[in-house]
Amino acid sequence: MGKKLKITILIEDENGEALVSRESEREVPYIEEIEREGFRSAFHELETAILESRKEASDEIVSKYLEMASEKKLNRSRR
């Protein structure tokens, strides 16, 4: 079992209030595991965790933000 990597993406308005946010977590190897498994293997595991976590968080945040923009536009056109 490794340590936990957290990536948080937050989109705020001009007042600093959160409009949408998303957090993604992955396990990453302990330093001892890096020494035991070797640098290349542990680095690959770390890099994969970071890339997957970032992609998950960014894909979802973009989707949520565009959905909010779409709803706002729809509400304006109904008036």
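Rule-based calculations on the coordinates, nothing more; no lab input. Since we're looking at a predicted model, the values are computed, not measured. Because the Cβ atoms are built from the backbone with ideal geometry, glycine has one as well, and the counts that use them run over all protein chains shown.
Which option, (1) -0.55, -0.65, -1.11; (2) -0.34, -0.46, -1.49; (3) -0.67, -0.74, -1.13, is the value of log10 I(q)/I(0) by the Debye sum over Cα atoms at q = 0.13, 0.15, 0.26 Å⁻¹ that was calculated from these coordinates?
Read-out taken from this structure: (1).
Lysine pairs in the chain with Cα distance under 29 Å, only those 8 or more apart or on different chains: how many are there?
Taking the Cα cut-off of 29 Å, the pair count is 11.
Can you compute the FRET efficiency between Glu71 and Asn15 using 1/(1 + (r/R0)^6), with r the Cβ-Cβ distance and R0 = 22 Å? Round to the nearest 0.05. The partial results should precede the final answer.
On the way: r = 20 Å, r/R0 = 0.90.
About 0.65, to the nearest 0.05.
If a paramagnetic tag sat 7 Å from the Cα of Lys55 along the Cα-Cβ line, which residues of region 6-28 would have the backbone N under 18 Å from that point?
Flagged as within label range: 6-9, 23-28.
What's the local net charge at Glu45, with K and R +1, D and E -1, over the other residues with C-beta under 14 Å away?
On the way: positive: Lys3, Lys4, Arg26, Arg36, Arg40; negative: Glu27, Glu32, Glu33, Glu35, Glu37, Glu47, Glu52.
Net charge in that neighbourhood comes out at -2.
Any idea how far apart Ile31 and Lys3 come out in nm if each label point goes 7 Å out from Cα toward Cβ?
The answer from the label model is 0.8 nm.
Suppose every K and R has +1 on its Cβ and every D and E has -1 on its Cβ; what is the size of the dipole of the chain about the Cα centre, in Debye to the nearest 20?
580 debye
From the phi angles alone, apply the Karplus equation (6.51, -1.76, 1.60; θ = phi - 60°) to region 22-36 and give each ³J(HN,Hα) in whole Hz, x where the residue is Gly or Pro.
Running phi through 6.51 cos²θ - 1.76 cosθ + 1.60 with θ = phi - 60° gives 8, 10, 10, 10, 9, 7, 10, x, 5, 4, 4, 5, 4, 5, 6 Hz.
For the chain, take the longest principal axis of its alpha carbons; what is the angle in degrees between that and the long axis of helix 39-78, to the nearest 10 within 0 to 90?
Rounded to the nearest ten degrees, it is 10.
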